[in-house]
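The values are calculated or read from the model by the stated rules, or taken from the named source; none is laboratory data. All figures in this text were calculated on a predicted structure; none of them were measured in a lab. Ideal geometry is used to build each Cβ from the backbone, glycine not excepted, and the neighbour counts take in all protein chains shown.
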Amino acid sequence: MNDDEPRLSAAELIERLEPALSPWRRARAVAALLAGLAGTVFVAALWWSEPGPLPGRTQAAFACFTVFCLAWTSYGGWLLTRRVPLFATDRVVAGWIALVASLVTGVGLAGVAVQRGGGLGAALATGGVLVAAALVLVVRAHTRRAALLRRRRELSERTQTGREPDGREPDGREPDGREPGGREPGGREPGGRGPGGRGPGGEGQA
């Protein structure tokens with residue numbers, strides 16, 4: 001930790017660790033919001049412009065696509081309105097939306113392939129790739145969130161007690177003022193001898 005951090009409050013340290021709405025996060029939120037809105041309008045227009053009644057599975061597919069688009073729209077709007085550090089909660093939410101969408105898409109592709117009597121292998125492979133990619137995103141998001149929360153606890157403890165989480169002072173000294181390794185300030189041994197075993201005046205051991 002540098003010399004400035006001990007004078008910062010826990011809230012300021014946390015804001016440095018995880019800005020409430022960074023430019024990259026804002027851009028991601030706007031992209032999700034616009035993509036979700038555009039997808040919702042497009043799917044709804046296709047759905048309601050059909051000239052005749054649609055089969056049940058087609059109706060279900062349109063409904064699922066509409067729900068997914070609305071989920072991304074809601075995610076983007078929610079992310080834009082957050083003014084507190086999220087500690088990768090946004091990544092966790094996005095990962096789970098992607099995972100659910102991938103699972104439903106994979107199941108739908110497999111169902112269509114079975115009804116058509118062919119292409120089941122390709123459908124399963126496509127669904128598997130989508131699910132695997134979404135799972136990677138979910139795992140990485142949870143790992144990042146756990147690391148940020150752990151760092152937040154450490155910073156809070158440091159600002160409240162003025163010591164490191166293991167009890168050391170910010171400069172690395174032990175709670176009793178000794179340097180790391182149990183030496184006295186100046187590098188002397190606990191008995192007052194110098195680093196080479198010499199006495200306080202520089203004389204060696206008898």
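Among the residues making up the stretch 33-89, those that are basic (Lys, Arg) and exposed (fewer than 13 other Cβ atoms within 10 Å of the Cβ) are 57, 83. Inside the stretch 144-158, can you point out the residues that are closer than 25 Å to residue 94 by Cβ and without any contact (Cβ under 8 Å) to a residue 24 or more places away in the chain? Passing the criteria: 146, 147, 150, 153. Consider residue 5 carefully, then state whether it is among the charged types (D, E, K, R), touching a Phe, Trp or Tyr at 6+ places or on another chain (Cβ under 9 Å) and either on the phi > 0 side of the Ramachandran plot or modelled with pLDDT under 85 (or both). No. When 94, 132, 125, 110 are checked against the criterion of being in a helix (DSSP H, G or I), over 15 Å from residue 65 (Cβ atoms), in contact (Cβ under 8 Å) with a residue 60 or more places away in the chain and out of contact with any Asp or Glu (no Cβ under 7 Å at 6 or more places or on another chain), a single residue qualifies: 94.
It is to be established whether one or more residues within the stretch 37-57 are of a type outside the set (A, V, I, L, M, F, W, C), out of contact with any helix residue (DSSP H, G or I) (no Cβ under 8 Å at 6 or more places or on another chain), farther than 25 Å from residue 142 by Cβ and not in a loop (DSSP other than H, G, I, E, B). Checked against the condition, which is being of a type outside the set (A, V, I, L, M, F, W, C), out of contact with any helix residue (DSSP H, G or I) (no Cβ under 8 Å at 6 or more places or on another chain), farther than 25 Å from residue 142 by Cβ and not in a loop (DSSP other than H, G, I, E, B), the stretch 37-57 yields at least one hit. When the test is whether a residue is within 30 Å of residue 145 (Cα to Cα) and out of contact with any Cys (no Cβ under 8 Å at 6 or more places or on another chain), residue 46 does not pass it. Screening residue 86 on (1) farther than 30 Å from residue 149 by Cα; (2) outside any helix (DSSP H, G or I) shows it passes everything except condition (1).
For the stretch 111-149, the set of residues classified as of a type in the set (Gly, Ala, Ser) and surrounded by 14 or more Cβ atoms within 10 Å (Cβ to Cβ) consists of 111, 113, 119, 123, 127, 134, 141, listed by residue number.
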